[in-house]
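Worksheet for the structure shown next.
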Amino acid sequence: MTPGRDGELIGDEEGQQPATPVPVDPPADAIPLTDVLEIPYAFARTHGVILSGMEKDGLHVALREGADPEILLEVRRYLDQPFAIDFVDEAEFNRLLHARYAVGEGAEGLAGSLGDADGLDALASGLPSAEDLLESSDDAPVIRLINGIIAEAVRQGVSDIHIEPYEQALVVRLRQDGVLKEHLRMPAHAAPVVVSRIKVMSRLDIAERRVPQDGRIALKLGGRQLDVRVSTLPSRGGERVVMRILDKDQAGLSLDLIGVHGAAETVLREALAEPNGIILVTGPTGSGKTTTLYACLQLLNDGQRNILTVEDPVEYSIDGIGQTQVDSKVGMSFAAGLRAILRQDPDVVMVGEIRDRETADIAVQSSLTGHLVLSTVHTNDAIGAITRLRDMKIEPFLIASSLRAVIAQRLVRRLCEHCRTPVPADKGVAALLGFDEGETIYKAPGCNQCGRTGYQGRIGVFEAVKIDGTLRRLIAEGGDEAVIARHAFLSAPNLGGAARALVRAGETSPEEAIRISRREDDEVDDG
């Protein structure tokens, strides 16, 4: 079997029946999997067959459920080696496909071939709106470089790609689990070529380099739908680019998957069951507020409610929900969008962020007229959201009447489950966390599974405040923030208490818990 046009595999004989899949013992000098001729991606995806690994009994090929077994004859001719066959369902096949083909060439190797010969002329060809990076046959080094960087970032679970030009180099940094790390360093002259190609992909003006620009790239990677949000910013060394990767497969997150458990889950579910009122999610930028709102919308999206949102920008598309994007250029602000969607007979309204008094006023009035309003504010904790509404000149009695619950959240890195080990807490850690000296905590030294970092992924830390009768009275009377907090956390943990619970459970490290804790936590009962 030899490769044909468009990635097809062509056999040498016709009409033969597939051989019986029998494992074959490999020779003593078995060829490493990396040296085996690879099955082209387009053929593997179309025909449901993939080279899945090298085991003790030789090569293994995975055949997707429902695929034509005759294709194994072609694979046998192409590989020119015996192999064993594993039958897998579609979900497992897609996982293998993504893992096998996520990065065809390392980004570091591609960077070495980026030279002046491939000037801006090589960037002129645009991409379709949803091209699959793994099927791209364009060999222009800059295109392969950017495809490789994006594909590798997705494979590693990266949230943001930073492309930063300096006088001496072009640096690529990736934000994984909330931490930026340098991934690639290229010659400085590569910066205009790389930035221009990204601007072409995101349909931005490549001739305009003096003002910031925002765009989007719709991509597919191994069957996964991706949305890449692109932002450019002029700087001394050239245009900086940040690409935020939004995995559309993650739009179906549930409260359980994002880590909302215990008291916080109870408060949030009870508030979502209310027919009207305001539910606020607070926290700094990058703490996962929007993800929590989407999880709430998924819970409410039962087909019996009219759910409308106004967002900046729309991060995930959800079937059954009307989503509107803010556009300041044409006067479409949060306030204008909120006023407009209230004339669309909504049951549930989601406002991406309450930034000013006008938006806050409309949100409060909407809740008082029978709508359930979900939104975010930027404050450090749940009680701070009440103070922030006061600062926006919202009357205290209106806040007390409309607010149903406030959720504050942070993200902490999750300890690698492969290398975490229990250790006794030393005196310093015990004092900072309020633990007993010698109490069992967990640390992870790092392993191959976590890239020697000791962490894999992130988990949410939540504090939830339910506005009960007492809190409603305190808010209406303009009560002090400390007094409100003392009552709010009588029977539920605040952020510090929730973080310490995760340390005891071995989910995160003491350092991560200390990072998000506040001094005033000591003054509040953890519940």
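The values are calculated or read from the model by the stated rules, or taken from the named source; none is laboratory data. For clarity, every value in this text was computed on a predicted model and none was experimentally measured. Cβ atoms come from the backbone with ideal geometry, glycine included; neighbour counts cover every protein chain shown. Side chains are part of the model used for accessible areas, which takes the heavy atoms of the whole protein and leaves out ligands, DNA and RNA. Shrake-Rupley method; radii C 1.70, N 1.55, O 1.52, S 1.80 Å.
For this structure, a couple of remarks:
- Net charge, Glu358 excluded, C-beta distance under 12 Å - Lys, Arg +1, Asp, Glu -1: +2
- Using the Cβ-Cβ distance between Arg390 and Glu55 with R0 set to 51 Å, the FRET efficiency works out to roughly 0.20.
- Top positive-direction residue, dipole computed over the range 467-506 with Cβ charges, set Gly496, Leu474, Ala485: Gly496
- Entry comment: accessible area of the range 329-450 is 46 Å² per residue, from protein heavy atoms only and a probe of 1.4 Å.
- Surface composition of the range 422-517: carbon and sulfur atoms hold 50% of the protein heavy-atom accessible area at a 1.4 Å probe.
- Rounded accessible area of Phe435 (nearest 10 Å², 1.4 Å probe): 20 Å²
- Solvent-accessible area of Cys419, all protein chains in place: 20 Å² (probe radius 1.4 Å, heavy atoms, ligands and nucleic acids excluded).
- A full extension of the chain between Glu182 and Glu417 corresponds to an added length of 82.1 nm, given 0.36 nm per residue minus the alpha carbon distance.
- Solvent-accessible surface (1.4 angstrom probe) belonging to His183, in square angstrom, nearest 10: 40 Å²
- In this structure the range 47-100 gives 48 Å² per residue of accessible area when probed at 1.4 Å with all protein chains present.
- The range 269-397: C-alpha gyration tensor shape, a/c 1.5 cut-off, then a/b vs b/c: rounded
- Contact order, relative form, for the range 171-296: 14 percent (alpha carbon pairs under 8 Å, 6 or more residues apart, mean separation divided by residue count).
- Residue order for Glu167, Glu70, Glu507 - accessible surface, 1.4 angstrom probe, largest first: Glu167, Glu70, Glu507
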